[in-house]
Amino acid sequence: MVNVYDVLQERGFIEQATHEEEVRELLGKESVTFYIGFDPTADSLHVGHFLQMITMSHMQRAGHRPIVLLGGGTTMVGDPSGKTEMRKLLTQEQIQSNAEKFKVQFSKLIDFSDGKALMVDNADWLLGLNYISFLRDIGRHFSINRMLSAECYKGRLETGLTFLEFNYMVMQSYDFLELYKRYNCKMQMGGNDQWSNILGGVDLIRKVEGGSAYGLTFTLLTTSEGKKMGKTESGAIWLDPEKTPPYDFYQYWRNVDDRDVEKCLSLLTFLPMEEVRRLSSLKGAEINHAKEVLAYEVTKMVHGKEEADKAQAAAKALFAGGSDMEAVPTTEIPRSRVKDGIGILDLLIDVGLTSSKGEGRRLVQQGGLYLEEERVDDIELMLSEKNFTDGKLMIRKGKKVYHLVKLV
């Protein structure tokens, strides 16, 4: 049987491992319980989390047991990793509400039946800690000098690091220790920005329990230019269909840069690597087929086959001039709104394509707005019912963002 370490390595996941040979040997000879932590700082997971979910799925398919650790406790502190300022503090009620939504999204990729995977919340052990006892039993194992040299803290020393956030590494390390003791969890995995925190947990288990624990980090999902994927002008690409509609989600992957196709197919789908390499080697206009495969596969995993089929059909209809527009983002407005005419800048705000008249004005002046494929050059343009064919008007923003407006 193929070792999952080799699978992850071939597909480009692995960035660092605490003990590479030992980790590979361990994953090849026994079923390993491992965990990845997710702080519910928002009411949905996003594309960056999706990469970690795929990793967990690869591990589970190879016979290992994932623990999804929800950070009901750590979210109350906030991870300073990769942040230039302190995160917004959430209430316990907000955190728990977000965590419940995470559970639904994880179940699409991870099988939690019959104990094949676990979902636990670190609030169960963190919120009831006695501060003095925690300092004496756990805090004494951490060197301030070593912590300050960690990347997650170093970048914040000039802009300001609160004592609250300084506790985060200790808390995350304690999570690993608790999971080790409760579930024989031997490995923590996470994005490469979590390396210092993972090392803290491995070291704590060795000092407190005399046990062997391991850490593995994987690459962050970035473009060929080094920018984090999953960000657009309108914000993050979310897994919740209410926050990012399936069509917009599909279009995001359909429009990735040619140079990012192979990476995305390797990291975000389960296609065999032979097929990934074949698709990625397509040249010229044919690379669009690879992007369609990528968009369909990722959308199917996150939103289901039916939504993926609808998004694909809508995308093809737009580019081929077809009529299947069901999945294109749509806004209904009352006919009375256009009876006496409506300014183009007001309409853009009404349907959510711009947040202000200034933004709409710049869009028109830069030549980025189209009505039914005709470019809009006049920022004073007034629209009436006659501009709507059968009560419908297709708006295009830039090259990729389509929005259908319906009169009701």
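The values are calculated or read from the model by the stated rules, or taken from the named source; none is laboratory data. Quantities reported herein were computed from a predicted structural model and do not represent experimental measurements. With ideal geometry, Cβ positions are generated from the backbone for all residues, glycine too; neighbour counts draw on all protein chains shown.
The one condition from (1) more than 22 Å from PHE176 (Cβ to Cβ); (2) among the aliphatic types (A, V, I, L, M); (3) in a loop (DSSP other than H, G, I, E, B) that VAL104 does not meet is (3). Residues that are over 20 Å from the mean Cα position of the chain (by Cα) and buried (at least 16 other Cβ atoms within 10 Å of the Cβ) within region 4-33 comprise VAL4, TYR5, VAL7, ALA17, THR18, VAL23, ARG24, LEU26, LEU27, VAL32, THR33, listed in sequence order. Of all residues in region 265-282, which are farther than 15 Å from ARG61 by Cβ and part of a loop (DSSP other than H, G, I, E, B)? Listed by number, the residues that qualify are SER281, LEU282.
In region 224-250, the residue that is surrounded by the fewest Cβ atoms within 10 Å (Cβ to Cβ) out of those that are modelled with pLDDT under 90 and in a strand (DSSP E or B) is GLY235. Within the option set VAL351, VAL401, VAL376, VAL408, being loosely packed, with under 11 Cβ neighbours inside 10 Å and in contact (Cβ under 8 Å) with a residue 24 or more places away in the chain holds for one residue only, VAL408.
A count restricted to region 177-202 and to residues that are in contact with a helix residue (DSSP H, G or I) (Cβ under 7 Å, 6 or more places away or on another chain), polar (S, T, N, Q) and either modelled with pLDDT of 95 or more or surrounded by 21 or more Cβ atoms within 10 Å (Cβ to Cβ) (or both) stands at 2.
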